[in-house]
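Here is the structure we will look at, set down as C-alpha cells.
Quick note: the coordinates plus some simple rules give every number you see, no bench work behind them. Predicted model only: the values in this text are computed from it and were never measured. With ideal geometry, Cβ positions are generated from the backbone for all residues, glycine too; neighbour counts draw on all protein chains shown.
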Amino acid sequence: MEGCEERVSPRPNPLPFFHFPPPFLGGIFLDFEKERERMVEELIRWGYLRTPSIIKAFRKVPREEFVPPSFRKYAYEDHPLSIGYGQTISAPSMIALMLESLKVERGQRVLEVGTGSGYNAALLAELVGREGKVVSIERIPALASFGRENLRKTGYDWVEVVVGDGTCGYPPGAPWDRILITACSPGFPPPLLEQLKVGGRMGAPVGHFYASQVWKVAEKTERGIEVENYSPCSFVPLLGKYGWKE
C-alpha cells in the first residue's frame with residue numbers, strides 16, 4: 001500500500017487437519033463442550049491460541065450454534081463450513097490467527113465487516129465485554145438475520161447487526177478501536193481507515209480472491225499507516241463500493 005510501512009510478523013506453524021468425532025455416533029450423543037475443549041487444546045498446542053482472553057472466548061462461545069443444523073457435527077473440525085449464499089464460517093485456526101493479530105482489549109469499540117453466521121461477533125463480544133461495543137455489518141439481509149438470531153439465542157443480543165455495504169464502514173459508531181474484515185479486499189478500504197482511531201488496528205485478508213491472499217493488519221499511528229503481514233489465507237471476496245464489484 002502506498003505510503004504504508006510494511007513488516008512481516010511471525011506466524012505459528014501450519015495446523016494439520018484434525019478431525020473430531022461427530023456429535024452422534026452409534027446411538028450415543030457426544031458432548032459439544034468436550035469437542036470444543038479438544039479443539040481449543042489443539043489450537044493452543046499448534047500455537048494459534050496464546051492470549052488468555054481469546055482462549056477463554058473460544059472455550060465459551062458454542063460454535064455449533066453458529067452453523068446450519070446439517071453441519072453441527074463438523075463444527076469443531078478445522079476447516080471452513082458453508083453457511084449459504086456463497087459464504088462460509090472460517091476455520092477455527094484462521095479465526096484464532098485473526099483475533100490474535102487484532103489484539104482486541106476489554107471495553108473497546110469494534111466494527112466487524114461481514115457478519116456471516118455471527119460467530120466472530122460473539123467472540124469479539126466476549127473480548128470487549130458489555131462495557132465495550134460490537135457492531136457487525138452484513139450486505140446479505142438473510143445472512144444478517146441468521147447471524148442476529150444466532151447471537152440472540154446464545155446470549156449476545158447486545159451485538160448490533162446492520163445490513164449495508166461494509167466497505168463504507170459505519171460512521172455512526174466511529175471512531176473504532178478495532179476493525180475486523182472477514183472477506184478478501186483489494187486493499188484496506190479508505191473509509192474504514194478514516195474511521196479507525198489513532199492507535200487502532202484493522203485486520204483483513206488482502207489480495208485477489210482468485211489468487212494469493214495475505215492476512216494483514218493495518219495500525220493507524222500519528223505518522224500514518226503501518227502494515228503487518230501475517231499469513232497466506234483464502235477468503236470469499238469483499239463486495240462493495242470500496243471492495244470488489246459484483
### Query
Quick one: would you say L49 is closer than 25 Å to V128 by Cβ and part of a loop (DSSP other than H, G, I, E, B)?
yes
#### Entry: Among residues of the stretch 112-126, those that are more than 18 Å from P237 (Cα to Cα) and touching a residue at least 60 places away in the same chain (Cβ under 8 Å), counted
3
### Summary
Per the filter on the stretch 195-222, residues assigned to a loop (DSSP other than H, G, I, E, B) and touching a strand residue (DSSP E or B) at 6+ places or on another chain (Cβ under 8 Å) are H208, F209, S212, E222
#### Entry: Sole exception among (1) touching an Asp or Glu at 6+ places or on another chain (Cβ under 7 Å); (2) more than 16 Å from M98 (Cβ to Cβ) for S136, by number
(2)
### Summary
Those residues of the stretch 109-119 which are crowded, with 22+ Cβ neighbours inside 10 Å, in contact with a strand residue (DSSP E or B) (Cβ under 6 Å, 6 or more places away or on another chain) and not acidic (D, E) amount to V110, L111, V113, T115, G116, S117, Y119
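Could you tell me which of the residues E131, E138 is surrounded by fewer than 22 Cβ atoms within 10 Å (Cβ to Cβ) and of a type in the set (D, E)?
Answer to the selection: E131.
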### Task
From R178, R106, grab the single residue that is crowded, with 17+ Cβ neighbours inside 10 Å, closer than 26 Å to V227 by Cα, touching a residue at least 40 places away in the same chain (Cβ under 8 Å) and of a type in the set (K, R).
R178
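Tell me the residue from P232, P186, P190 that is surrounded by fewer than 20 Cβ atoms within 10 Å (Cβ to Cβ) and under 20 Å from R109 (Cβ atoms), please.
None of the other options fit; the residue is P190.
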### Looking only at the stretch 128-175, and only at residues there that are of a type in the set (S, T, N, Q) and under 23 Å from I54 (Cβ atoms), the one that is nearest to the chain's Cα centre (by Cα)
S136
### Query
Out of the stretch 36-81, which residues are in contact with a strand residue (DSSP E or B) (Cβ under 9 Å, 6 or more places away or on another chain) and either under 19 Å from T154 (Cβ atoms) or β-branched (V, I, T) (or both)?
R63, F66, V67, P68, F71, K73, Y74, A75, L81
#### Entry: Residue that is under 21 Å from V104 (Cα atoms) and buried (at least 20 other Cβ atoms within 10 Å of the Cβ), where the choices are G207, G199, G169, G243
G169
## Note on the structure
When the stretch 53-63 is checked residue by residue, the ones that are crowded, with 19+ Cβ neighbours inside 10 Å and assigned to a helix (DSSP H, G or I) are I54, A57, F58, R63
### Message
Please go through the stretch 44-55 and give me each residue that is within 16 Å of the chain's Cα centre (by Cα) and either over 13 Å from V104 (Cα atoms) or free of Cβ contacts under 8 Å to residues at least 24 places away in the same chain (or both), ordered by number.
### Response
Y48, L49, I55
## Note on the structure
Filtering the stretch 87-122 down to residues that are touching a helix residue (DSSP H, G or I) at 6+ places or on another chain (Cβ under 8 Å) and hydroxyl-bearing (S, T, Y) yields S90, S93, T115, S117, Y119
